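Okay, structure first, notes after.
The values are calculated or read from the model by the stated rules, or taken from the named source; none is laboratory data. Computed from a predicted model, the values in this text were never measured in an experiment. Don't worry about glycine lacking a Cβ; one is built from the backbone with ideal geometry, like all the others, and counts go over all protein chains shown. When the accessible area is computed, the model is the full protein with side chains, heavy atoms only, and any ligands, DNA or RNA have been set aside. Shrake-Rupley method; radii C 1.70, N 1.55, O 1.52, S 1.80 Å.
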Amino acid sequence: SGHEPIDAVAKAVARLEGAWALGIIIAPGRLVIARNGSPLVVRGEGGDVVVASDPAATMDVPGELRALDDGDIVEIGALDAPGQWRWMRGDGSDQPREPIAESALSSLRAFAASAGRSADEDRMGGEIAEQADVLDRMIARLAPDVAGGTLWRDLGVALPESVRFLACGSSYHASTAIARTLSSVAGIPTAVVIASEFDPALTAPADLTVAISQSGETADLLRALDRSAGPVIGITNSPWSSLARRSDAVLDCAAGPEFGVAATKSFSSQIALGVLLSLAIAKRAGRH
């Protein structure tokens, strides 16, 4: 009572603990959205606005796609008054977040194009069969940059003397393979930590953290990064994700959409990308 909707929502969420992605209907055509710890994006142009947890749900809507960060609150005005959005960012700014680059959404367009496939199609079998092409494309794209030394240079991160890997689930298993490779080819000490068990007081410090997540929205991983010091390289299949925005540098698996619950092409692409990163570090260190 007595507050504008966006201010009332700000006062309400300040009392909350945990994670949320909220869409609060104030009146027809008037909406306040808020995010903390859960993904939330908004896309709109003119009178068409879509709010979703996944950018894939917005691909048929014109306009720029923006992702909210933790603490952000946005009021979207009446549909007969397009463009009247008010931002209240978690960092205190009232400026809209930068739109996600269209180049980062290419795999989502593939997702949209494949969404009409038959429901009885063996999607996982198809994704397993795609692995060879995914890895061929990755090696063709990145191997010259590894050999020429530009892959590591373009990441803009200092050469580490120790590396910590943070991940969960299948990404954790990919991390163990990558860590062994990095230690072998570059002679750099590595540690692999399940993100949900990360405790900075019990974990040896590292010069660099490599965080791996297919979706880039793994909650345990994002929480671990909040307690991890130093630069972060994110390896993800979702270059628009929270992990990508949280990282100092990002390596895109570019495996395309993965419908199967069990990781297939995203897992193999994580390992291949990690091996290429290991070779890039070894070359920069003069050890390969």
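For the reader, a short list of remarks on this structure follows.
- Short-range pairs are left out: with C-alpha atoms under 8 Å and at least six residues apart, the relative contact order of the chain is 16 percent.
- Accessible surface of the chain [probe 1.4 Å, protein heavy atoms]: carbon and sulfur percent: 52
- Neighbour-limited loop hits for trypsin sites (Lys or Arg not before Pro), region 206-255 (at most 10 other Cβ within 10 Å; DSSP other than H, G, I, E, B): none
- Cα gyration tensor, the chain - rounded (a/c under 1.5), prolate or oblate: prolate
- Diagonalising the gyration tensor over the Cα atoms of region 236-288 and scaling each eigenvalue by 5 before taking the square root yields semi-axes of 24, 15, 6 Å, largest first.
- For region 134-221, the C-alpha radius of gyration sits at 1.16 times the compact-globule guess of 2.2 N^0.38 Å, with N the residue count.
- 3J(HN,Hα) couplings calculated from phi for region 207-214 with the Karplus curve 6.51 cos²θ - 1.76 cosθ + 1.60 (θ = phi - 60°) are, in sequence order, 6, 9, 10, 9, 9, 10, 7, 4 Hz; Gly and Pro show x.
- Counting charges near CYS168 (Lys, Arg +1; Asp, Glu -1) among other residues having Cβ under 10 Å from its Cβ returns a value of -2.
- Looking at the chain, the DSSP beta bridges with both ends there are about 55 percent antiparallel.
- Dividing the summed helix terms, -39500 (n - 2.57) for each DSSP H run of n ≥ 4, by the number of residues in the chain produces a 222 nm estimate of -10500 deg cm²/dmol to the nearest 500.
- Between the Cα long axis of helix 169-186 and the first principal axis of the chain there is an angle of about 40°, rounded to the nearest 10.
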